[in-house]
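The values are calculated or read from the model by the stated rules, or taken from the named source; none is laboratory data. In this text the structure is predicted, and so the values were computed from the model without any measurement. Ideal geometry is used to build each Cβ from the backbone, glycine not excepted, and the neighbour counts take in all protein chains shown.
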């Protein structure tokens, strides 16, 4: 099912509340550790202004957005790599994801903190350390096996990865070469997965100096930060649209945080959206950036990939300017592309294939 993005962090960091705000599901949230042993999974529609514009322009009977799978992974604690708090099980859940968002707590209130005090930097370092140590153990075990062999592919790459993990600073992916990335991927290391941070703030701390300083420090490390007041977001999602807009104005919120979270998830995963117009349906699809057209066709249906002949392509901007597919053709805005064409964000595709 599509692309999966997990929510990780300490217990009681607000992961499940963020999950509920994003997915609008009623996942269980209790103020004590490890209530979420099996991950909660939600399929979230991706907010898409371009799809809405196509809907207004073409007035199809069906408008189908693309989706992303969000996974609420149970909280990690210090010692998770040794099994503390069922940590090994939870770490395996993270390894199964395409990317993750680290939820860091800024809010106070009556919900107890596992370490009694609110300290976002400390909390983030605890989770990062557990992830790094877990990966380091995997790399060291593989190296022990390879050291017995006089010649072995990947030994030097593993040593380089080991050195970076021992240095302890995430993310390490940008420091790795192509061969090293292949080795890391073969071991399913968490430390090379794309990730970003969600600063979960109270309603009274939106845009506060400590949150801004936290963002600055992380962005210096190349880590993106999204500020979310999860409790407020969930309350807003339950309101009628007009009333919701009034509350958003009151708190200076221009758009629901779900949009920024998904957009940032898209960015760290390197995803693009393309569209199809078939019959009375306009539909959005998600693929990784630089996906060949034939492979993208397989996202729609496997028969299209196997029998791919060509694709008729028009950009979203050109389509909207022309006003219709017929007008786009008349103006010469529709291009014929082959199987190796790399799909661009906003492309509208019509796939020609043999059954």
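The table for this structure:
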{"read-out": "Among the residues listed as 342, 333, the single one being at pLDDT 95 or above and within 22 Å of residue 53 (Cα to Cα)", "value": "333"}
{"read-out": "Residue under evaluation residue 120, criteria (1) closer than 18 Å to residue 94 by Cα; (2) touching a residue at least 60 places away in the same chain (Cβ under 8 Å); (3) touching a helix residue (DSSP H, G or I) at 6+ places or on another chain (Cβ under 7 Å), criterion not met", "value": "(1)"}
{"read-out": "Residue 199 being within 18 Å of the chain's Cα centre (by Cα), in contact (Cβ under 8 Å) with a residue 24 or more places away in the chain and either in a helix (DSSP H, G or I) or within 25 Å of residue 71 (Cα to Cα) (or both)", "value": "yes"}
{"read-out": "Some residue of the range 62-77 being under 30 Å from residue 204 (Cβ atoms), surrounded by fewer than 22 Cβ atoms within 10 Å (Cβ to Cβ), outside the structural domain of residue 300 (by TED's automatic domain parsing) and modelled with pLDDT under 85", "value": "yes"}
{"read-out": "Selection within the range 156-190 - under 18 Å from residue 264 (Cα atoms) and either crowded, with 16+ Cβ neighbours inside 10 Å or in contact with a helix residue (DSSP H, G or I) (Cβ under 8 Å, 6 or more places away or on another chain) (or both)", "value": "170, 171, 173"}
{"read-out": "Residue selected from the range 32-51 under the condition at pLDDT below 95 and more than 30 Å from residue 115 (Cα to Cα), by the criterion farthest from the chain's Cα centre (by Cα)", "value": "49"}
{"read-out": "The range 218-252: number of residues that are in contact with a strand residue (DSSP E or B) (Cβ under 9 Å, 6 or more places away or on another chain) and in a helix (DSSP H, G or I)", "value": "4"}
{"read-out": "Restricting the range 309-329 to residues that are under 29 Å from the mean Cα position of the chain (by Cα) and in a strand (DSSP E or B), the residue that is surrounded by the fewest Cβ atoms within 10 Å (Cβ to Cβ)", "value": "315"}
{"read-out": "Wholly within the range 254-308, helices (runs of 4 or more DSSP H) carrying at least 3 residues that are surrounded by fewer than 17 Cβ atoms within 10 Å (Cβ to Cβ) and at negative phi", "value": "257-269, 302-306"}
